[in-house]
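Novice: Dropping a structure here in structure tokens format, bear with me for questions.
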């Protein structure tokens, strides 16, 4: 009986111990739950997307910000391979980097200057900054990744960089425009500048066309980057024909990622490529076209289009200036020629005036002598010849004076009584014929 009582007592003690252990376990579980909730709140309060990945490269936990940025709910992403968040072109290299990290885990802070892109649930890619931290648990080694969407920062940095290169290329283009080079040489050097700007996905091939002023045609004026084995660019393109001609005709930037149906000009030796065709326009006036080559399949870029549009604006200004300089030189030549002709006219007029006065006297006296000479004599013939030649010279001088006359009188000082006597003497016969009597009286 005593043994039974003892056994009961032991059982009660063990039961109490079990109750106590259960209570402690419940307390521990409650504390764990509190800690878990607190940790999740702390995790969700971070501004970055947080995810935990195990050695099998699978996601085991994410925070609320991850759901906001990537678009996946926790139940959609947990248990999935990390590769689902990586763009296709980076997957192969990314898997190697994950293996390398788990082989030698260490903290990698943000701002590592690596160009990293992540992919959302809807397939949209975005530039990201990522920090990595190893976390050893009882079950497994985890990596904690904090992912930050840096799209706005990257866009601002890209714009600053783009503005820098626009300014740099523009300054270089303006310097080239001032050098004593032909327009073709300037265009070739400008093409070299444009096609070698870093961080733009342009091939090192391009052309510049100018519109023929007398025809609706683009004429090739410069090319860059074509090898002997490659098909050379078109030398002439009618406006409205093929991609370049359509772009010029509409004065509109046009893009093609490959040789699509708009490419009406094809060649068996033509290499696969795409295009940016950018008209060179000043106001509403079309000067020509810049055509740059891109890799086949290259995606359209606003950044590249902004750069090329800025470049063609500078090209238009250079062409404007060059044509204005040529017009100025032409006007200067015309002005110099006009001044020479004016000087020659003044000189000719002076000579004509000097000749005309004695010639008038000779003609007047010859006509008077002719009236006193008998008919059918040699003297009469000589007088007629003199009168005819004087008349011919008078007509020539009249034409010269009419051509060279500037419309302004040329005043010289003369003795008025001498001028009157000379005029009366020259017209004496005329007065006699008309029975006019002249009386002179000078005070």
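The values are calculated or read from the model by the stated rules, or taken from the named source; none is laboratory data. All values reported here derive from a predicted model rather than from experimental measurement. Because the Cβ atoms are built from the backbone with ideal geometry, glycine has one as well, and the counts that use them run over all protein chains shown.
Novice: Restricting to the range 348-366, name every residue that is out of contact with any helix residue (DSSP H, G or I) (no Cβ under 6 Å at 6 or more places or on another chain) and farther than 16 Å from residue 402 by Cβ.
Specialist: Passing the criteria: 354, 357, 358, 360, 361, 365.
Novice: Is it true that residue 316 is modelled with pLDDT of 85 or more, within 60 Å of the chain's Cα centre (by Cα), in a helix (DSSP H, G or I) and farther than 30 Å from residue 389 by Cα?
Specialist: yes
Novice: Would you say residue 91 is out of contact with any strand residue (DSSP E or B) (no Cβ under 7 Å at 6 or more places or on another chain), closer than 24 Å to residue 201 by Cβ and either surrounded by 14 or more Cβ atoms within 10 Å (Cβ to Cβ) or outside the structural domain of residue 299 (by TED's automatic domain parsing) (or both)?
Specialist: Spelling it out, residue 91 is indeed out of contact with any strand residue (DSSP E or B) (no Cβ under 7 Å at 6 or more places or on another chain), closer than 24 Å to residue 201 by Cβ and either surrounded by 14 or more Cβ atoms within 10 Å (Cβ to Cβ) or outside the structural domain of residue 299 (by TED's automatic domain parsing) (or both).
Novice: Just to be sure I understand, how many residues within the range 122-153 are surrounded by fewer than 16 Cβ atoms within 10 Å (Cβ to Cβ), in contact with a strand residue (DSSP E or B) (Cβ under 7 Å, 6 or more places away or on another chain) and free of Cβ contacts under 8 Å to residues at least 60 places away in the same chain? Write out each step before concluding.
Specialist: Applying the first criterion (surrounded by fewer than 16 Cβ atoms within 10 Å (Cβ to Cβ)) to the range 122-153 yields 122-125, 133-141, 151-153.
Going one step further and asking which of them are in contact with a strand residue (DSSP E or B) (Cβ under 7 Å, 6 or more places away or on another chain), we end up with 125, 133-135, 141, 151.
Narrowing further to those that are free of Cβ contacts under 8 Å to residues at least 60 places away in the same chain: 125, 133-134, 151.
Matching residues across the range 122-153 total 4.
Novice: Okay, next question. Working only within the range 244-254, note down all residues that are touching a residue at least 40 places away in the same chain (Cβ under 8 Å) and surrounded by 19 or more Cβ atoms within 10 Å (Cβ to Cβ).
Specialist: First, pick out the residues of the range 244-254 that are touching a residue at least 40 places away in the same chain (Cβ under 8 Å): 244, 247-248, 253.
Selection gives 244, 247, 248.
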